[in-house]
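Quick notes on the structure that follows.
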Amino acid sequence: MSMRELVVLGTASQAPTRQRNHNGYVLRWDDEVILFDPGEGSQRQLLHTTVTATDLTRICVTHFHGDHCLGLPGTIQRLSLDRVPHPVAVHFPAGGAEYFARLRHAASFHETAELRVEPIGTDGQRIALGVGTLEARRLRHPIETYGYRLVEPDGCRMLPERLAAYGIAGPAVGELIRVGHLDLDGRRVTREEVSVPRPGQRFAFVMDTGLCDGVYALAEHADLLVIESTFLDSEAALAAEVGHLTAGQAARVAAESGVRRLVLTHFSQRYADPARFADEARAHFDGDLVIAEDLTTVQVPPRRVASAG
(Lines give C-alpha, C1' and ligand atoms only; values in the text may rest on other atoms or scores of the structure.)
Protein backbone atom coordinates (compact mmCIF):
# COMPACT_ATOMS: atom_id res chain seq x y z
CA MET A 1 0.00 0.00 0.00
CA SER A 2 1.43 3.37 -1.00
CA MET A 3 2.10 5.94 1.70
CA ARG A 4 2.95 9.61 1.39
CA GLU A 5 3.87 11.36 4.61
CA LEU A 6 6.55 13.41 6.33
CA VAL A 7 8.10 12.16 9.57
CA VAL A 8 9.70 14.98 11.54
CA LEU A 9 12.84 14.01 13.47
CA GLY A 10 13.92 17.46 14.62
CA THR A 11 12.94 21.11 14.24
CA ALA A 12 15.71 23.19 15.84
CA SER A 13 18.05 25.43 13.91
CA GLN A 14 21.66 26.10 14.87
CA ALA A 15 21.45 24.75 18.41
CA PRO A 16 19.10 22.05 19.74
CA THR A 17 16.96 22.76 22.79
CA ARG A 18 15.43 20.57 25.49
CA GLN A 19 12.29 20.32 23.37
CA ARG A 20 13.76 20.34 19.86
CA ASN A 21 16.37 18.10 18.27
CA HIS A 22 18.57 19.23 15.41
CA ASN A 23 16.98 19.02 11.95
CA GLY A 24 15.93 15.77 10.36
CA TYR A 25 13.01 14.82 8.13
CA VAL A 26 11.95 11.61 6.41
CA LEU A 27 9.64 11.62 3.41
CA ARG A 28 7.78 8.41 2.68
CA TRP A 29 6.62 8.57 -0.93
CA ASP A 30 5.47 5.17 -2.14
CA ASP A 31 8.66 3.12 -2.59
CA GLU A 32 10.99 6.04 -1.86
CA VAL A 33 11.99 6.79 1.73
CA ILE A 34 14.13 9.95 1.70
CA LEU A 35 16.05 11.33 4.65
CA PHE A 36 16.53 15.09 4.41
CA ASP A 37 19.19 17.03 6.33
CA PRO A 38 20.09 14.61 9.13
CA GLY A 39 21.37 16.77 11.97
CA GLU A 40 23.01 15.53 15.14
CA GLY A 41 20.89 12.89 16.88
CA SER A 42 18.90 11.84 13.80
CA GLN A 43 19.79 8.16 14.21
CA ARG A 44 18.40 8.14 17.74
CA GLN A 45 15.30 10.09 16.73
CA LEU A 46 14.53 7.40 14.15
CA LEU A 47 14.19 4.92 17.00
CA HIS A 48 11.13 6.86 18.20
CA THR A 49 9.38 6.53 14.83
CA THR A 50 8.20 3.72 12.60
CA VAL A 51 11.06 4.43 10.16
CA THR A 52 14.27 2.38 10.30
CA ALA A 53 17.61 2.99 8.67
CA THR A 54 16.96 -0.07 6.53
CA ASP A 55 13.92 1.68 5.03
CA LEU A 56 15.97 4.55 3.63
CA THR A 57 16.44 4.65 -0.12
CA ARG A 58 17.94 8.13 -0.47
CA ILE A 59 19.57 10.92 1.56
CA CYS A 60 19.38 14.58 0.53
CA VAL A 61 21.55 17.26 2.16
CA THR A 62 20.81 20.91 1.44
CA HIS A 63 24.17 22.24 2.69
CA PHE A 64 27.03 21.49 5.05
CA HIS A 65 26.23 23.55 8.12
CA GLY A 66 26.35 21.24 11.12
CA ASP A 67 22.68 21.28 12.06
CA HIS A 68 21.90 19.84 8.63
CA CYS A 69 24.59 17.18 8.29
CA LEU A 70 26.21 16.11 11.58
CA GLY A 71 23.88 13.11 11.71
CA LEU A 72 25.40 11.69 8.52
CA PRO A 73 28.23 9.68 10.17
CA GLY A 74 25.93 7.72 12.44
CA THR A 75 23.28 7.23 9.79
CA ILE A 76 25.78 6.00 7.20
CA GLN A 77 27.40 3.63 9.66
CA ARG A 78 23.98 2.33 10.68
CA LEU A 79 23.24 1.42 7.05
CA SER A 80 26.26 -0.88 7.10
CA LEU A 81 25.57 -2.21 10.60
CA ASP A 82 22.07 -3.22 9.50
CA ARG A 83 23.40 -4.54 6.17
CA VAL A 84 20.88 -2.61 4.13
CA PRO A 85 20.27 -4.82 1.08
CA HIS A 86 19.58 -2.05 -1.45
CA PRO A 87 21.64 0.88 -2.75
CA VAL A 88 21.13 4.23 -1.03
CA ALA A 89 21.68 7.34 -3.13
CA VAL A 90 23.14 10.43 -1.48
CA HIS A 91 22.71 13.94 -2.88
CA PHE A 92 24.49 17.07 -1.63
CA PRO A 93 26.05 20.26 -3.04
CA ALA A 94 29.02 19.26 -5.18
CA GLY A 95 31.14 22.03 -3.69
CA GLY A 96 30.87 20.27 -0.32
CA ALA A 97 32.25 16.94 -1.52
CA GLU A 98 35.20 17.21 0.88
CA TYR A 99 32.84 17.69 3.83
CA PHE A 100 30.82 14.67 2.77
CA ALA A 101 33.94 12.52 2.48
CA ARG A 102 35.01 13.51 6.00
CA LEU A 103 31.57 12.81 7.45
CA ARG A 104 31.28 9.49 5.64
CA HIS A 105 34.53 8.28 7.17
CA ALA A 106 34.45 10.21 10.44
CA ALA A 107 35.18 7.02 12.39
CA SER A 108 36.43 3.53 11.71
CA PHE A 109 33.79 1.03 10.61
CA HIS A 110 33.31 -1.79 8.13
CA GLU A 111 31.37 -0.33 5.23
CA THR A 112 29.07 -2.86 3.64
CA ALA A 113 26.21 -0.64 2.47
CA GLU A 114 26.21 0.47 -1.15
CA LEU A 115 26.13 4.28 -1.23
CA ARG A 116 25.56 5.87 -4.60
CA VAL A 117 27.14 9.29 -4.28
CA GLU A 118 25.36 11.67 -6.68
CA PRO A 119 26.30 15.32 -5.95
CA ILE A 120 24.23 18.27 -7.13
CA GLY A 121 26.33 20.48 -9.36
CA THR A 122 23.89 22.70 -11.24
CA ASP A 123 20.79 24.73 -10.48
CA GLY A 124 17.77 22.84 -11.77
CA GLN A 125 19.51 19.45 -11.82
CA ARG A 126 16.98 16.63 -12.10
CA ILE A 127 17.15 13.03 -10.98
CA ALA A 128 14.71 10.51 -12.40
CA LEU A 129 13.03 8.33 -9.78
CA GLY A 130 10.52 5.56 -10.17
CA VAL A 131 7.90 7.79 -8.51
CA GLY A 132 8.68 10.99 -10.40
CA THR A 133 11.46 13.55 -10.67
CA LEU A 134 13.65 14.94 -7.89
CA GLU A 135 14.74 18.49 -8.74
CA ALA A 136 17.33 20.64 -6.95
CA ARG A 137 17.31 24.44 -7.00
CA ARG A 138 20.00 26.81 -5.77
CA LEU A 139 19.12 28.84 -2.67
CA ARG A 140 20.61 32.00 -1.16
CA HIS A 141 22.77 31.23 1.88
CA PRO A 142 26.40 32.00 2.84
CA ILE A 143 27.52 28.59 1.57
CA GLU A 144 26.41 26.51 -1.42
CA THR A 145 22.86 25.37 -0.69
CA TYR A 146 20.16 23.57 -2.66
CA GLY A 147 16.51 22.90 -1.95
CA TYR A 148 14.68 19.90 -3.34
CA ARG A 149 11.29 19.09 -4.74
CA LEU A 150 9.71 15.82 -5.80
CA VAL A 151 7.26 16.02 -8.70
CA GLU A 152 4.98 13.18 -9.71
CA PRO A 153 4.00 13.06 -13.42
CA ASP A 154 0.46 14.06 -14.30
CA GLY A 155 -1.89 11.17 -14.97
CA CYS A 156 -5.57 10.50 -15.39
CA ARG A 157 -8.46 9.12 -13.37
CA MET A 158 -10.67 6.68 -15.23
CA LEU A 159 -14.44 7.23 -14.97
CA PRO A 160 -16.29 3.92 -14.34
CA GLU A 161 -19.59 5.17 -15.74
CA ARG A 162 -18.02 6.20 -19.05
CA LEU A 163 -16.05 2.96 -19.29
CA ALA A 164 -19.29 1.05 -18.73
CA ALA A 165 -21.09 3.08 -21.39
CA TYR A 166 -18.54 1.88 -23.95
CA GLY A 167 -18.46 -1.66 -22.57
CA ILE A 168 -14.79 -1.38 -21.57
CA ALA A 169 -13.78 -3.62 -18.68
CA GLY A 170 -11.04 -5.92 -17.40
CA PRO A 171 -7.71 -6.01 -19.27
CA ALA A 172 -9.08 -3.58 -21.88
CA VAL A 173 -8.96 -0.79 -19.30
CA GLY A 174 -5.24 -1.35 -18.79
CA GLU A 175 -4.64 -1.37 -22.53
CA LEU A 176 -6.58 1.87 -22.92
CA ILE A 177 -4.49 3.54 -20.22
CA ARG A 178 -1.24 2.24 -21.69
CA VAL A 179 -1.92 2.83 -25.40
CA GLY A 180 -4.21 5.84 -25.16
CA HIS A 181 -7.06 4.48 -27.26
CA LEU A 182 -9.08 1.38 -28.12
CA ASP A 183 -10.81 0.48 -31.41
CA LEU A 184 -14.28 -0.89 -30.63
CA ASP A 185 -16.80 -1.87 -33.32
CA GLY A 186 -15.28 0.46 -35.84
CA ARG A 187 -15.05 3.40 -33.42
CA ARG A 188 -11.94 4.64 -31.70
CA VAL A 189 -12.39 5.44 -27.99
CA THR A 190 -9.65 7.66 -26.60
CA ARG A 191 -8.41 7.74 -23.04
CA GLU A 192 -9.53 11.37 -22.74
CA GLU A 193 -13.15 10.40 -23.45
CA VAL A 194 -13.35 8.14 -20.40
CA SER A 195 -11.13 9.92 -17.90
CA VAL A 196 -10.31 13.24 -16.28
CA PRO A 197 -6.83 14.66 -15.68
CA ARG A 198 -5.12 13.72 -12.42
CA PRO A 199 -2.45 16.29 -11.53
CA GLY A 200 0.71 14.77 -10.10
CA GLN A 201 1.48 15.56 -6.49
CA ARG A 202 4.39 17.76 -5.44
CA PHE A 203 6.56 17.94 -2.33
CA ALA A 204 9.05 20.74 -1.66
CA PHE A 205 11.85 21.04 0.91
CA VAL A 206 13.32 24.51 1.46
CA MET A 207 15.91 25.03 4.16
CA ASP A 208 18.39 27.80 5.00
CA THR A 209 17.87 30.62 2.53
CA GLY A 210 16.90 34.21 2.02
CA LEU A 211 14.16 35.03 -0.44
CA CYS A 212 15.23 34.19 -4.00
CA ASP A 213 13.89 32.74 -7.24
CA GLY A 214 14.83 29.23 -6.14
CA VAL A 215 12.46 29.39 -3.17
CA TYR A 216 9.50 30.16 -5.40
CA ALA A 217 10.51 27.61 -8.04
CA LEU A 218 10.55 24.88 -5.40
CA ALA A 219 7.30 25.94 -3.72
CA GLU A 220 5.22 26.33 -6.90
CA HIS A 221 1.94 24.40 -6.52
CA ALA A 222 3.39 22.15 -3.81
CA ASP A 223 0.90 19.89 -2.09
CA LEU A 224 3.24 19.84 0.91
CA LEU A 225 5.89 22.52 1.48
CA VAL A 226 8.43 22.10 4.30
CA ILE A 227 10.18 25.42 4.75
CA GLU A 228 12.44 27.06 7.27
CA SER A 229 11.11 29.95 9.37
CA THR A 230 14.07 30.51 11.62
CA PHE A 231 12.97 33.96 12.80
CA LEU A 232 9.89 36.00 13.54
CA ASP A 233 9.27 39.14 11.51
CA SER A 234 10.73 41.35 14.24
CA GLU A 235 14.15 39.91 13.27
CA ALA A 236 13.66 40.34 9.50
CA ALA A 237 16.84 42.40 9.15
CA LEU A 238 18.89 39.72 10.94
CA ALA A 239 17.25 37.02 8.81
CA ALA A 240 18.27 38.80 5.62
CA GLU A 241 21.80 39.31 6.89
CA VAL A 242 22.41 35.63 7.68
CA GLY A 243 20.40 34.08 4.83
CA HIS A 244 17.22 32.91 6.54
CA LEU A 245 13.45 33.39 6.35
CA THR A 246 10.90 34.69 8.81
CA ALA A 247 7.55 33.03 9.47
CA GLY A 248 5.78 35.81 7.59
CA GLN A 249 8.07 35.49 4.57
CA ALA A 250 7.64 31.72 4.41
CA ALA A 251 3.86 32.09 4.64
CA ARG A 252 3.79 34.67 1.86
CA VAL A 253 5.82 32.33 -0.34
CA ALA A 254 3.26 29.59 0.30
CA ALA A 255 0.30 31.86 -0.43
CA GLU A 256 1.80 33.25 -3.63
CA SER A 257 2.86 29.79 -4.84
CA GLY A 258 -0.46 27.99 -4.38
CA VAL A 259 0.76 25.66 -1.63
CA ARG A 260 -1.88 23.40 -0.10
CA ARG A 261 -0.24 22.39 3.20
CA LEU A 262 2.54 24.46 4.76
CA VAL A 263 4.97 23.08 7.36
CA LEU A 264 7.08 25.65 9.19
CA THR A 265 10.24 24.41 10.93
CA HIS A 266 13.92 25.17 11.76
CA PHE A 267 13.15 27.49 14.66
CA SER A 268 15.78 29.60 16.42
CA GLN A 269 16.40 28.63 20.03
CA ARG A 270 15.56 32.20 21.05
CA TYR A 271 11.82 31.46 20.73
CA ALA A 272 10.05 29.34 23.34
CA ASP A 273 6.46 29.75 22.11
CA PRO A 274 5.77 28.18 18.67
CA ALA A 275 2.29 29.76 18.61
CA ARG A 276 3.96 33.04 17.66
CA PHE A 277 5.06 31.49 14.35
CA ALA A 278 1.49 30.40 13.64
CA ASP A 279 0.14 33.86 14.41
CA GLU A 280 2.53 35.53 12.00
CA ALA A 281 1.98 32.93 9.27
CA ARG A 282 -1.80 33.20 9.51
CA ALA A 283 -1.62 36.85 8.54
CA HIS A 284 -0.57 35.74 5.05
CA PHE A 285 -1.59 32.10 4.51
CA ASP A 286 -5.09 30.68 4.97
CA GLY A 287 -4.42 27.10 3.85
CA ASP A 288 -3.45 24.09 5.97
CA LEU A 289 -0.72 25.18 8.39
CA VAL A 290 1.51 22.96 10.54
CA ILE A 291 4.00 24.27 13.09
CA ALA A 292 6.37 21.31 13.11
CA GLU A 293 7.15 19.47 16.33
CA ASP A 294 9.70 16.73 16.86
CA LEU A 295 8.51 13.15 16.25
CA THR A 296 5.25 14.09 14.58
CA THR A 297 3.94 12.90 11.23
CA VAL A 298 2.39 15.13 8.58
CA GLN A 299 0.36 13.60 5.79
CA VAL A 300 0.68 14.70 2.19
CA PRO A 301 -2.81 16.10 1.41
CA PRO A 302 -5.16 13.83 -0.54
CA ARG A 303 -5.18 14.32 -4.27
CA ARG A 304 -7.26 17.07 -5.74
CA VAL A 305 -10.39 15.54 -7.25
CA ALA A 306 -10.91 16.64 -10.83
CA SER A 307 -14.50 16.93 -12.02
CA ALA A 308 -15.74 15.04 -15.04
CA GLY A 309 -16.69 18.03 -17.19
Taking region 1-42 and the residues there that are charged (D, E, K, R) and at negative phi, the one that is most open to solvent (accessible area, probe 1.4 Å) would be 18
Scanning region 48-84 for residues that are more than 23 Å from residue 108 (Cβ to Cβ), open to solvent by 20 Å² or more (accessible area, probe 1.4 Å) and not hydroxyl-bearing (Ser, Thr, Tyr), the one nearest to the chain's Cα centre (by Cα) turns out to be 58
Going through region 66-88 in order, the residues found to be within 16 Å of residue 10 (Cβ to Cβ) and not in a helix (DSSP H, G or I) are 69, 70, 71
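Here is a yes/no grid of residues against (1) touching a helix residue (DSSP H, G or I) at 6+ places or on another chain (Cβ under 7 Å); (2) farther than 16 Å from residue 42 by Cα:
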residue: 64; (1), (2): yes, no
residue: 73; (1), (2): yes, no
residue: 79; (1), (2): yes, no
residue: 87; (1), (2): no, yes
residue: 92; (1), (2): yes, yes
Checked pairs for region 112-123, first open to solvent by 50 Å² or more (accessible area, probe 1.4 Å), second assigned to a loop (DSSP other than H, G, I, E, B), C-beta under 7 Å and 6 or more apart or across chains, list as 112/83; 114/87; 116/87; 119/92
The helices (runs of 4 or more DSSP H) lying wholly within region 137-245 that contain at least 1 residues that are of a type in the set (Val, Ile, Thr) and farther than 20 Å from residue 92 by Cβ are 171-179, 236-242
- Message: Given the condition of a type outside the set (Phe, Trp, Tyr), open to solvent by 30 Å² or more (accessible area, probe 1.4 Å) and part of a strand (DSSP E or B), answer yes or no: does some residue in region 246-268 qualify?
- Response: yes
Apart from one, (1) acidic (Asp, Glu); (2) at pLDDT 95 or above; (3) surrounded by fewer than 15 Cβ atoms within 10 Å (Cβ to Cβ) all hold for residue 273; the odd one out is (2)
It is to be established whether one or more residues within region 283-302 are within 15 Å of residue 229 (Cβ to Cβ), crowded, with 16+ Cβ neighbours inside 10 Å, free of Cβ contacts under 8 Å to residues at least 60 places away in the same chain and small (Gly, Ala, Ser). no
Filter region 176-200 for residues that are in contact with a helix residue (DSSP H, G or I) (Cβ under 7 Å, 6 or more places away or on another chain) and surrounded by fewer than 14 Cβ atoms within 10 Å (Cβ to Cβ); the one that is farthest from residue 123 (Cα to Cα) is 181
Picked from region 201-218 (must be within 14 Å of residue 140 (Cβ to Cβ) and among the small types (Gly, Ala, Ser)), the residue surrounded by the most Cβ atoms within 10 Å (Cβ to Cβ) is 214
Would you call residue 96 touching a residue at least 60 places away in the same chain (Cβ under 8 Å), open to solvent by less than 10 Å² (accessible area, probe 1.4 Å) and under 26 Å from residue 239 (Cα atoms)? no
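The values are calculated or read from the model by the stated rules, or taken from the named source; none is laboratory data. Note that this is a predicted model, so its numbers are computed, not measured. Note that we place each Cβ from the backbone using ideal geometry, even for glycine, and neighbour counts take in every protein chain shown. What goes into the accessible areas is simple: the full protein's heavy atoms, side chains included, and nothing from ligands, DNA or RNA. Shrake-Rupley method; radii C 1.70, N 1.55, O 1.52, S 1.80 Å.
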